[in-house]
Amino acid sequence: MKFDIYFFYRLIRYYFPSILRFNVFGKLFRNQTVGKFLLVGKDTKILKNFESGICVQIGYRCFIGPSVSLGNFVLISDSVHIIGNDHIHDVVGVPVTLAGRPNNYELLETVIHDDVWIGHGATIMRGITIGEGSIIASNSVVTKDVPPYSIYAGVPAKFIKKRFPDQDIEKHKKFLLLFRQGKYRLLHDNKPIFANN
């Protein structure tokens, strides 16, 4: 493969500090597990019990609540928030500020599967599962699970259309499955360069 100075710069500038921060300090203090080519934008806060797959990008000024799992090739734009379900609000006669938090609220897991794109300013409620290959439009509020290969938009987010026709979904699913099985390795973060194992 031809030497790519821009790729080398990106490794030094973005990836090495992120991997060092997550793999050294994360394992010691926050129970973080991350894959190769993680990119995290400035002013983004990620809480404990975080996992990510390979080639994940998280934009600027995001807030990622506890117990979030991201698959491979997840793209999260700027100002995305994964929040909520962390206060008791249904006790009559007790203000929310005094009601406390639910038991084990930090263990409420949010799962975002492979190849999901979340647009700018979207809000994902904690405990949601977003299926493989889905797209969440900018400024949407996701309050329920999203099926695979769907495009959702709005407040609250609703189904708009499928991402691909059915025959193309099967081709895309096959590639992602082969990648998870280790049949392909990603050699570059910014170009579709794969190697057979």
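Being part of a strand (DSSP E or B) and either of a type in the set (D, E, K, R) or farther than 29 Å from Asn104 by Cα (or both) is the filter here, so list the residues in the stretch 117-151 that pass it. Steps first, answer last, please.
Quick first cut of the stretch 117-151, residues part of a strand (DSSP E or B) only: 117-118, 123-125, 129-130, 135-136, 141-142, 146, 150-151.
If the condition is that a residue be part of a strand (DSSP E or B) and either of a type in the set (D, E, K, R) or farther than 29 Å from Asn104 by Cα (or both), then Ile135, Ser150, Ile151 are the ones that fit.
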Index of the failed condition, Val141 passing every other in (1) within 19 Å of Phe164 (Cα to Cα); (2) β-branched (Val, Ile, Thr); (3) open to solvent by 10 Å² or more (accessible area, probe 1.4 Å): (1)
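Return the residue satisfying two criteria in turn: it lies in the stretch 96-116 and is part of a loop (DSSP other than H, G, I, E, B) and at pLDDT 85 or above, and of such residues it is surrounded by the fewest Cβ atoms within 10 Å (Cβ to Cβ). Write out each step before concluding.
As a first pass, look at the stretch 96-116 and keep what is part of a loop (DSSP other than H, G, I, E, B): 100-104, 108-109, 113-116.
Next cut, at pLDDT 85 or above only: 109, 113-116.
Details: Glu109: 15, His113: 21, Asp114: 23, Asp115: 24, Val116: 24.
Looking at residues that are part of a loop (DSSP other than H, G, I, E, B) and at pLDDT 85 or above, I get Glu109.
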Selected residue (criterion: least open to solvent (accessible area, probe 1.4 Å)) from residues of the stretch 38-93 that are aromatic (Phe, Trp, Tyr) and not in a strand (DSSP E or B): Phe73
Test: residue in the stretch 78-85 that is at pLDDT below 90, of a type outside the set (Val, Ile, Thr) and more than 25 Å from Arg180 (Cβ to Cβ): yes
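The values are calculated or read from the model by the stated rules, or taken from the named source; none is laboratory data. Remember, it's a predicted structure, so these values are computed and weren't measured experimentally. Every residue, glycine among them, receives a Cβ derived from its backbone with ideal geometry; neighbour counts consider all protein chains shown. Protein only, heavy atoms only, side chains kept; ligands, DNA and RNA dropped before computing areas. Shrake-Rupley method; radii C 1.70, N 1.55, O 1.52, S 1.80 Å.
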